[in-house]
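Inspection log for the structure reproduced underneath, given as structure tokens.
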Amino acid sequence: MKTWNFGIVGAGLIADFHAKAIADIPNAKLVGCCDIVSARAKELADKNNCQAFESYEELLKSDDVDIVTIATPSGAHMEPTIAAAEAGKHVMCEKPLDVTLERIDAMTEAHEKSGTRLGGIFPYRFNDSQTVLREAINSGRFGVITYAGIYVPWWRTDEYYKDSWHGTWKLDGGGALMNLSIHMVDMLCDVMPPIESLQAYTGTLGHKIEAEDTAAAVLRYTNGALGVIYGTTASYPGRFRRFEITGTKGTVIQVENSFTVWQFAEEKPEDEEIRRKYGQIEGGGGVADPAAITHDNHTRNFKAFLDSLESGKDFWISGAEARKAVEVILAIYKSTKEQTQVKLN
Ligand SMILES: NC(=O)c1ccc[n+]([C@@H]2O[C@H](COP(=O)([O-])OP(=O)(O)OC[C@H]3O[C@@H](n4cnc5c(N)ncnc54)[C@H](O)[C@@H]3O)[C@@H](O)[C@H]2O)c1
């Protein structure tokens, strides 16, 4: 079995989770990392027994590296992603892929041109409860879906926004939505038909940052269903995230990785077991503390990428797929700015 050698670009908070995920995959190995702050790269390299490089350009020169994970601030994903394509390396890029559609499209084009792969990192898609929910939706158990909405009432301290990039338009691309609620926006993109149009308001109410810390949008999907996106980082002390979906034959309320409601007009034998298995609310790490998450779903995300490379099949969270959540969030910002309904492509 081939061992896939990884390099990590950006050695901050999430890089540690990438290193742990890579360590958990038998046919993956972390061989190098870099950061513009060389002490951070050295610390990550020492901890993981790999090489610290001075820059991503140096890391990409290494013949050892097959796949690069991008863990720089969100508005600094494009440059290393394109450079990696030009160096013949595959890329797994953190959410959001980048902060504008133009930058994302340039990333996708660079990988198409070089024949390398660009995969998105959206760990929530790999939660077991999301898999069970996806199956129920795809098998038509909700009847006519009439509503699907997400609620992300989180809390971040002023300290969180004191670094050089969180809450800035240039490097975070937004605030509560683009950085955090995007996980849940992507879960809507995963299981629902595309959003046809939306109308939104955002506010910067609880923090002194450039971008929004609170947002609310009303949606209409292409199948006619309605929905809501609510995301904030100004809701002390931070509460569990929630996904509600309902239709003419069923309702599910997913809270974190659990279900507080799992009810269908046509009950199936497995429903009782699903209610039992997912009845206890678990997770909740990210509601107020960005580091209180596990790396398990990163492991699944990375493993799925390797499986797709080995099988030659398309990767589920391709560049085009990971782009969708950014497109929705940018439409919310546009609707707010122009005080109008925005139609999506
Ligand atoms: N999937 C998740 O659950 C999750 C969680 C947290 C963060 N993220 C994403 O990961 C990315 C990084 O977030 P973070 O919290 O680790 O940020 P961070 O600030 O802790 O780390 C970013 C690191 O990148 C370095 N850097 C900046 N420009 C660079 C460059 N050109 N070359 C090399 N290094 C560079 C910085 O010096 C810093 O050490 C963001 O896009 C964020 O949205 C994802």
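The values are calculated or read from the model by the stated rules, or taken from the named source; none is laboratory data. None of these values were measured; they are calculated from a predicted model. When we count neighbours, we look across all protein chains shown, and the Cβ atoms used for this are built from the backbone with ideal geometry, even at glycine. All accessible areas refer to the heavy atoms of the entire protein, side chains included, with ligands and DNA or RNA removed. Shrake-Rupley method; radii C 1.70, N 1.55, O 1.52, S 1.80 Å.
Summary of computed values
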quantity	calculated
Unit Cα scatterers, Debye sum, region 96-252: log10 I(q)/I(0) for q = 0.09 Å⁻¹	-0.34
Placed amide H near residue 143: partners under 5 Å, 5+ positions off or other chain	249
Sites residue 320 and residue 58, calculated FRET efficiency, Cβ-Cβ separation with R0 35 Å, nearest 0.05	0.70
Cross-link reach list, lysines versus residue 47, counting only Cα pairs under 19 Å and skipping chain neighbours closer than eight places	20, 29
DSSP beta bridge pairing in the chain, given as percent antiparallel to the nearest 5	60
Hydrodynamic radius (Kirkwood) for the chain, which is based on Cα pairs only, to one decimal in Å	20.6
Separation in nanometres of the label points that stand 7 Å from Cα toward Cβ, at residue 263 and residue 128	2.5
Contour excess over end-to-end distance, with Cα ends at residue 139 and residue 327 and 0.36 nm allotted per residue	65.0 nm
Separation between Cα centres of region 1-60 and region 131-163, rounded to whole Å	31
Furthest towards positive pole of dipole, 4, 101, 72, structure part region 4-120, Cβ charges	4
Ranking by accessible area, most exposed first, for 40, 276 with a 1.4 Å probe	276, 40
Using a Förster distance of 41 Å, the FRET efficiency for residue 13-residue 86 (Cβ separation, nearest 0.05)	0.90
Long-range HN-HN contacts of residue 196 with modeled amide H, under 5 Å	220, 221, 222
Residues residue 271 and residue 292, FRET efficiency given R0 of 35 Å [Cβ-Cβ distance, rounded to 0.05]	0.65
Stretch gain in nm, segment residue 146-residue 226, where the contour uses 0.36 nm per residue and the Cα spacing is subtracted	28.2 nm
Column: log10 I(q)/I(0), Debye, Cα scatterers of region 4-120, q = 0.19 Å⁻¹	-0.91
Residue 341 versus residue 24: modelled label distance in nm, points set 7 Å from Cα along the beta carbon direction	4.4
Filter on 89/313; 162/334; 95/303; 268/303; 61/89; 170/337 - keep pairs with C-alpha separation over 21 Å	162/334; 268/303
Surrounding net charge for residue 274, when Lys and Arg each add one and Asp and Glu each subtract one, Cβ distance under 15 Å	-3
Assigned charges on the beta-carbon of Lys, Arg, Asp, Glu; the chain dipole about Cα centre (debye)	600
Cα→Cβ-extended label distance, 7 Å offset, between residue 2 and residue 106, nm	2.9
